[in-house]
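The values are calculated or read from the model by the stated rules, or taken from the named source; none is laboratory data. Quick caveat, the model's predicted, so the values are computed rather than measured. With ideal geometry, Cβ positions are generated from the backbone for all residues, glycine too; neighbour counts draw on all protein chains shown.
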Amino acid sequence: MSRFSIPMKIADNSRFNGESMALFSREPALQAKAFHQQLPGYQPTPLHSLSGFANQLGVANVWVKDESQRFGLNAFKMLGGAYAIARLYCEKYHLDIQHFSFEKCRNAKQEKMTFATTTDGNHGRGVAWAAKELGQHAVIYMPKGSSQERVDHITRLGAECIVTDMNYDDTVRLTMRTAAEHGWEVVQDTAWEGYTQIPTWIMQGYATLAVEAVEQMPQPPTHVFLQAGVGAMAAGVLGYLVDVYGAQALHSVTVEPERADCIYRSGCSGTLTAVAGEMNTIMAGLACGEPNPLGWPLLRNCSHQFISCDDRVAALGMRVLGNPLRGDAAIISGESGAVTMGVLAAVMFHPEKNSLMQRLGLNDQSRVLLISTEGDTDVQHYREVVWEGKHSISGCNNQEHQND
């Protein structure tokens, strides 16, 4: 087998204490899943067991939850946006979320609402979908560098989409100001002072995929690797998993691009730490510089390690998932979706594989859960990576692995 090293930084969490949070636990997760189950077209997304890869890596099992199959939207994000919009609508019109119906509300003669959000693509698509299903308006802002394909996904759902000349976090601030001027409802998956209820609902909505995964896995996982942008999905999913299995029994790792590694830096410093600048990474869904303060306490308490990695790690994950070993399922996973598999593959090919396995607590008894959060949401770039070799491992062999 070839040996090469792709730059990754691994930081052990010295502040781990295993304390969970009631906001992101079993009860709200099960309530969110009950909501999603009543939506037309709902079905749990597949959980694939990649036994061939697991055997090559030297672990007992690697499970991959394939969120490209979620409601035909090619990503998990609608779980949060749709749930938050439904909760918001029910609160405004004094309805019971347990009896909510998009169809009934769409036909109700109520004043039209406009939902606004900032997105790198997938979250905006989910908000646009929910607004359309509800018969309402959506205005979606995207940071500079957003691909035309991701814009088209949103506008085809009837939403207005505006690409700014700012990075993600500055675009969030623009969205807030514009929404306040026009009286729009902001549906954002990060929080700030005075804005916590909607991002809480979004994060609770994400937990539906964790509830499904627990129901699908034949045995409890020993490890979970979760990609993080602002940390909303990572915290929403991890909160449910640690409530079910216990934080001590589940070795949890967050993974980010090195150019937008705000959770990694927060983990190293012990306090919320932002990343500024361009954040030019192929992992568009993770190109966020400011951690979600709602999710950070749980990630600080319950993550065992934080990883910051090169874009080539995500590209490797895309190739491995799309071109599996004999007997394993092929999974079409986008840049943000594949980065956790990329970490495992980078470990497998690394000249210091054994020491990295030990560092991450991986052995022949380990059962690892990964979430492929998106499919090929940018088809052209997916082909450039998987077919044409963009962001290849060429030149990586002499790179040194870094431990923090």
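Some points to look at:
- Candidates 322, 239, 285, 295, filtered to the one that is within 22 Å of residue 1 (Cα to Cα) and touching a helix residue (DSSP H, G or I) at 6+ places or on another chain (Cβ under 6 Å): 322
- Residue 133 of a type in the set (D, E, K, R) and either on the phi > 0 side of the Ramachandran plot or surrounded by 16 or more Cβ atoms within 10 Å (Cβ to Cβ) (or both): yes
- Filtered residue count, segment 313-356, keeping only those that are more than 16 Å from residue 62 (Cα to Cα) and either crowded, with 24+ Cβ neighbours inside 10 Å or not assigned by TED's automatic domain parsing to the domain that holds residue 252 (or both): 7
- Count - residues of segment 166-182 that are modelled with pLDDT of 95 or more and in a loop (DSSP other than H, G, I, E, B): 0
- Taken over segment 1-47, the criterion of being loosely packed, with under 13 Cβ neighbours inside 10 Å, hydrophobic (A, V, I, L, M, F, W, C) and under 28 Å from residue 311 (Cβ atoms) is satisfied by 1 alone.
- Residue list for segment 359-387, restricted to those being under 15 Å from residue 250 (Cα atoms) and out of contact with any strand residue (DSSP E or B) (no Cβ under 8 Å at 6 or more places or on another chain): 363, 365
- Considering (1) in contact with a helix residue (DSSP H, G or I) (Cβ under 8 Å, 6 or more places away or on another chain); (2) under 20 Å from residue 54 (Cβ atoms), the lone condition that residue 267 does not fulfil carries the number (2).
- Considering segment 112-129, the residues that are among the polar types (S, T, N, Q) and closer than 16 Å to residue 149 by Cβ include one that is modelled with the highest pLDDT, namely 119.
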